[in-house]
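What follows is a set of notes on a single structure, which appears directly below.
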Amino acid sequence: MEGSGVGFSYPNDLHIAWGVMIVLYPYVTGLVAGSFVVGSLYHVFGRQELKPISRLSLVASLGFLIFAPVPLLFHLGQPMRCFNIMITPNFSSAMAAFGVIYAVYFIIVLLEIWLVFRKDIVMNARQNRGILRWFYASLALWTYDVSDESRKLDHKIVVVLAAIGIPAACVLHGYVGFMFGSVKANPYWSTPLMPVIFLTSAITSGIAMMVVLYQILMKFGGRTIEPDCVQSLCKWLWLFAILAVTLELLEIVCIAYERSEEWVVIGTLLSGKLAFSFIGIQLVFGSLIPIILLGIVVLMRPYLTNPLRNTIGFVAALFLLVQVLAMRWNVVIGGQLFSKSLMGFREAYQPGLFEKEGLGVALLIFLASFVFMAIFNRFLPMYEKKENGNGTGDGAKTGFTERREAAKSEEARG
Amino acid sequence: MEHSKHIWRAALILLFLGTGFVGVRHFLIPKSFGQAGHYRYDSIFEYMAQEPNHGSRESCRKCHEEKFAETVKGRHAPVQCEVCHAPVSAHAKDDKKIADMPTNPNHKLCALCHQKLDSRPKGFPQVDLRRHLAGGGRTVAATIPDAACFECHSAHEPSPLRGER
């Protein structure tokens, strides 16, 4: 089985065509769906303790959303043709459905962000001059109505949008799982569990990303980390991590217990070629350790000091981010490592650093989302200064650019 | 409602974008799209109108009778000339040579089909280039020289030249 006996592979079944880009795509898409769902815990389900990340989660979702299809465009030899799936949608093709799902979800997120930040936009429009004023005014659609009534209306719509957004986020990411789950020639992918597995791990990665981003932003912004927020995020993270890992294992255990012919190659794959990234990273380093750590945070709450909890949560979240990435890798690459004849393995896959679909490009695409968030934050800060508690209705009240501060005092005077 | 002006404006923009998309789409969809399936039907006729580039080895025959005879009697008989060279349209037109034909005297050409690979059928002649070249105790340079294979094989009649190795 191991090794390379000649003749077990079908012709043209030698190369791994879906590389790092196709690993990155479900990862980033997962972060989109995940961060949106955490945000919705506040916006729809009113988990007040999650208020500090309510804005961050939306902006992060948008940032990841913008760059989610970029790996696909790099993977396609003809990126400009992507518009064809929008112009001439083929509804019998699952891949083409992405155009519609993506567009709908994009509009929802954009509208929601706009409504949540509208008061800030209007205030900025009032306080700036020249081109900046014009910029903010156009964002505000030239209506400066931020009366309580209008904000109430905004809030109502935000709730509705977030409520539509949850199923939309689930469809967006469930669809990615569906892409793999519906490849019937590949027994490792082809299971109805796949969309659910992708969804739970997406939410896991989204919450983990919030834990990490929130703490980093607070640390570098010189603000306090809300212990309740981290505690609550850890709780949700624990739940979804357990769900995700259970489902991931369940799928494997089913194939293993059935002992059907595909197990011969899948078992060899998981314990051989993927031993490091599956058993080592995905199961032990990425699942076992963080689930124990988060268990400590959740179950031993009274005994933990805030810094200790934050640190444990941070580390566990980082590990889980790696776990989800490893899971994407194991599914996407692992599923292509064995020959479709199920009799042996294809050539090993090692992505280059500087090639067109290499690790360097992948890293750049991933970082681009954070650059977007930083730029967004520059124009519409997600956190305001604590002292000015009268700020917006939705976000946490801390902010840090001096421009804003000046604006605030000017407002107070006027 | 009094305080919903911004919402109406946003809705208007969305409506505008939506109808804009439908309108633009109307112009972007090629005329014959969907006539016989999910593709541009006219493309079939465009392809039909194109001149073929490849002429099969029969097209080489009239000018390269010798090479033709050599190839078809050897083990490379299944391999078309244009696979290793280039399409005839770039080389000869109306019974005249119009441009040089590439010859590709490089071991990479041979490796394309003969490099040992798992996915090739068992019976197909394939060699591990390095090990094959090192056969009989010969030393192989770090980078295989371009003409490495032609020392013992001819491209057209590849059965190994006798007495070597």
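The values are calculated or read from the model by the stated rules, or taken from the named source; none is laboratory data. What you are looking at is a predicted structure, and each value in this text was computed from that prediction instead of being measured. Glycine gets a Cβ as well: all are built from the backbone with ideal geometry, and neighbour counts include every protein chain shown. Note: areas computed on protein heavy atoms with side chains; ligands, DNA, RNA excluded. Shrake-Rupley method; radii C 1.70, N 1.55, O 1.52, S 1.80 Å.
Looking at the range B:96-119, which of the residues that are open to solvent by 40 Å² or more (accessible area, probe 1.4 Å) and within 14 Å of chain A (Cβ to nearest Cβ) is nearest to residue A:12 (Cα to Cα)?
Top of the filtered list is B:117.
Name every residue in the range A:136-146 that is surrounded by fewer than 18 Cβ atoms within 10 Å (Cβ to Cβ) and more than 10 Å from chain B (Cβ to nearest Cβ), in order of residue number.
Of everything in the range A:136-146, just one residue is surrounded by fewer than 18 Cβ atoms within 10 Å (Cβ to Cβ) and more than 10 Å from chain B (Cβ to nearest Cβ), namely A:138.
If you go through the range B:1-26 one residue at a time, how many are over 30 Å from residue A:146 (Cβ atoms) and more than 10 Å from chain A (Cβ to nearest Cβ)? Spell out how you get there, then give the answer.
Applying the first criterion (over 30 Å from residue A:146 (Cβ atoms)) to the range B:1-26 yields B:21-26.
The next check asks that each one be more than 10 Å from chain A (Cβ to nearest Cβ); those that pass are B:22-23.
The number of residues fulfilling the criteria is 2.
Just a yes or no: is a residue in the range B:126-139 within 14 Å of chain A (Cβ to nearest Cβ), under 21 Å from residue B:75 (Cα atoms) and open to solvent by 40 Å² or more (accessible area, probe 1.4 Å)?
The answer is yes; a qualifying residue exists.
Give the range B:1-54 a look and list any residue that's of a type in the set (A, V, I, L, M), closer than 19 Å to residue A:161 by Cβ and modelled with pLDDT of 90 or more, or say none.
The answer is B:7, B:10, B:11, B:12, B:13, B:14, B:15, B:17.
Please go through the range B:52-95 and pick out each residue that is open to solvent by 80 Å² or more (accessible area, probe 1.4 Å) and aliphatic (A, V, I, L, M).
B:83, the sole residue that qualifies.
So which residues in the range A:72-82 are outside any loop (DSSP other than H, G, I, E, B), under 24 Å from the mean Cα position of the chain (by Cα) and either over 16 Å from residue A:172 (Cα atoms) or within 14 Å of chain B (Cβ to nearest Cβ) (or both)?
A:73, A:74, A:75, A:79, A:82
Being of a type in the set (Val, Ile, Thr), surrounded by 15 or more Cβ atoms within 10 Å (Cβ to Cβ), more than 16 Å from residue A:323 (Cα to Cα) and touching a residue at least 24 places away in the same chain (Cβ under 8 Å) is the filter here, so list the residues in the range A:241-266 that pass it.
Within the range A:241-266, A:255, A:265, A:266 meet the criteria.
Determine whether residue A:368 is part of a helix (DSSP H, G or I) and at pLDDT 85 or above.
yes
Return only the number of the condition from (1) open to solvent by 80 Å² or more (accessible area, probe 1.4 Å); (2) within 13 Å of chain A (Cβ to nearest Cβ) that residue B:45 does not satisfy.
(2)
Does residue B:122 satisfy the condition of being away from chain A (no Cβ under 14 Å) and out of contact with any His (no Cβ under 9 Å at 6 or more places or on another chain)?
So residue B:122 does not fit the description; no.
Restricting the search to the range B:33-59, which residues are of a type outside the set (Gly, Ala, Ser) and more than 19 Å from the chain's Cα centre (by Cα)?
Applying the first criterion (of a type outside the set (Gly, Ala, Ser)) to the range B:33-59 yields B:33, B:35, B:38-42, B:44-48, B:50-54, B:57-58.
Residues satisfying the conditions are B:33, B:35, B:38, B:39, B:40, B:41, B:42, B:44, B:45, B:46, B:48, B:58.
Quick check on this structure: which one of A:133, A:126, A:118 is open to solvent by less than 30 Å² (accessible area, probe 1.4 Å) and basic (Lys, Arg)? Even if it seems obvious, please write down each step before you answer.
On the way: A:133 fails: open to solvent by less than 30 Å² (accessible area, probe 1.4 Å); A:126 fails: open to solvent by less than 30 Å² (accessible area, probe 1.4 Å).
Every option except A:118 fails the conditions.
Across the range A:371-392, what is the total count of residues that are modelled with pLDDT under 50 and open to solvent by less than 50 Å² (accessible area, probe 1.4 Å)?
Matching residues across the range A:371-392 total 4.
Output the number of residues of the range A:11-61 satisfying the condition of being within 23 Å of residue A:162 (Cβ to Cβ), open to solvent by 10 Å² or more (accessible area, probe 1.4 Å) and within 14 Å of the chain's Cα centre (by Cα).
Number of matching residues: 1.
If the Cβ limit is 8 Å and pairs must be 6+ apart or interchain, which residue in the range B:15-33 that is in the same structural domain as residue B:43 (by TED's automatic domain parsing) pairs with which residue that is open to solvent by less than 100 Å² (accessible area, probe 1.4 Å) and not in a helix (DSSP H, G or I)?
From residues that are in the same structural domain as residue B:43 (by TED's automatic domain parsing), the pairs are B:29/A:88; B:30/B:40; B:32/B:40; B:32/B:41; B:33/A:88; B:33/B:39; B:33/B:40; B:33/B:41.
Among the residues of the range A:267-281 satisfying the criterion of being open to solvent by 30 Å² or more (accessible area, probe 1.4 Å) and in contact (Cβ under 8 Å) with a residue 24 or more places away in the chain, which is nearest to residue A:350 (Cα to Cα)?
Filtering the range A:267-281 for residues that are open to solvent by 30 Å² or more (accessible area, probe 1.4 Å) and in contact (Cβ under 8 Å) with a residue 24 or more places away in the chain, the one nearest to residue A:350 (Cα to Cα) comes out as A:273.
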